[in-house]
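Before any comments, here is the structure.
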Amino acid sequence: MYRGVLKRKQLLAGLSFVLAVSALPALAHEAEPAEPRASLSAEASSEVGQDRVEITLAAELSGDSQTEVAEALNKRLDSVMKRAKGHQGIEARSGSYRIWPTTDRDGKIAEWRGQAEILLESSDFPAVSKLAADLGDRMPIAGLSFSVSPERRAAEEQKLLGQAVEAFKARAQALTQALGFAGYRFHMVELGGQGAMPPVPMPRMMMSAMAADKAAAPVEGGRERVSVSVQGTIVLLPK
């Protein structure tokens, strides 16, 4: 009987010790002073001229069978691609390719149609425009889109990064003084950016006129907004 009571007391004493130890981190955490923090953001942006163009050439054929259309379309693609390759500063690659049937009123296949694209991309606007016009007799121009080259975008973002950081620091300092704190330190900083807008397709009437004229059509890009943003959290330091 005495041994059972003694063993129970020892067990309770051990349990109380474990509970006391496990509660220590929580008490220490609650004792830590809370640091006031503030979230800020700043941005720098500029307008950059689009220096790269992508011209889409497309061919559409029809025939009585899927095999007939596929063979004719592949032959057309092969001949145009051979003429498009080998021009310095111009990248030529395959675009979309599809073949589908059309049906009559009874639901039977009336004919097969096929469409394929070749994409020409370059920063040399006059050269790629002339090449597209030369190939227009086999594959007319079906679309144009402009963009900022990766090299120009990277250079512009590098310049904007310093401006965005300085704007963030100025805003952090102004907030610190306005709230009456002695200073601040960085807690977390993130960088972001935006740029490319969806390409605006050229009207079909204009593209048809370009394809009909063997002379190189004037190609000129617009301007694109490039921006760099800085978001972060600062810790406000008391006096």
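The values are calculated or read from the model by the stated rules, or taken from the named source; none is laboratory data. Since the model is a prediction, treat every value here as computed from it, not as a measurement. All Cβ positions, even for glycine, are placed from backbone atoms using ideal geometry, and neighbour counts span all protein chains on display. The accessibility values were calculated without ligands, DNA or RNA, using every heavy atom of the protein model including side chains. Shrake-Rupley method; radii C 1.70, N 1.55, O 1.52, S 1.80 Å.
Looking only at residues of region 84-101 that are modelled with pLDDT of 95 or more and of a type outside the set (Gly, Ala, Ser), we find that the one that is farthest from PRO140 (Cα to Cα) is PRO101.
Could you tell me which residue of region 167-181 is nearest to GLN231 (Cα to Cα), considering only residues that are assigned to a helix (DSSP H, G or I) and not aliphatic (A, V, I, L, M)? Filtering first and then ranking leaves PHE168.
Table: residues versus (1) open to solvent by 50 Å² or more (accessible area, probe 1.4 Å); (2) of a type outside the set (Gly, Ala, Ser).
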site	(1), (2)
GLY86	yes, no
SER96	yes, no
LYS108	yes, yes
GLU121	no, yes
LEU135	no, yes
ALA154	yes, no
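ALA44 fulfils the conditions (1) open to solvent by 30 Å² or more (accessible area, probe 1.4 Å); (2) more than 30 Å from GLY136 (Cβ to Cβ); (3) assigned to a strand (DSSP E or B) except for a single criterion, (1).
The set of residues in region 183-194 being open to solvent by 70 Å² or more (accessible area, probe 1.4 Å) and either within 15 Å of VAL230 (Cα to Cα) or over 33 Å from the mean Cα position of the chain (by Cα) (or both) consists of PHE186, HIS187, MET188, VAL189, GLU190, LEU191, GLN194. Taken over region 131-159, the criterion of being assigned to a helix (DSSP H, G or I), among the hydrophobic types (A, V, I, L, M, F, W, C) and in contact (Cβ under 8 Å) with a residue 24 or more places away in the chain is satisfied by LEU131, ALA132, ALA133, LEU135. Selection of region 205-239 for residues being modelled with pLDDT under 50 and surrounded by fewer than 11 Cβ atoms within 10 Å (Cβ to Cβ) yields only MET205.
Which one of these is open to solvent by 80 Å² or more (accessible area, probe 1.4 Å) and either modelled with pLDDT of 85 or more or in contact with a Lys or Arg (Cβ under 9 Å, 6 or more places away or on another chain) (or both): ASP104, ASP51, ASP64? Checking each option against the conditions leaves just ASP64.
Residues that are touching a helix residue (DSSP H, G or I) at 6+ places or on another chain (Cβ under 7 Å), over 13 Å from GLY221 (Cβ atoms) and either modelled with pLDDT of 95 or more or in a strand (DSSP E or B) (or both) do not occur anywhere in region 121-130. Of everything in region 65-119 that is among the basic types (Lys, Arg) and not in a helix (DSSP H, G or I), the residue that is nearest to the chain's Cα centre (by Cα) is ARG93.
Can you run down the residue pairs with Cβ atoms below 8 Å, 6 or more apart or on separate chains, where the first is in region 80-99 and on the phi > 0 side of the Ramachandran plot and the partner is not in a strand (DSSP E or B) and not β-branched (Val, Ile, Thr)? Once the first residue is on the phi > 0 side of the Ramachandran plot and sits in region 80-99, its partners that are not in a strand (DSSP E or B) and not β-branched (Val, Ile, Thr) give GLY89/SER123; GLY89/ASP124; GLY89/ALA127.
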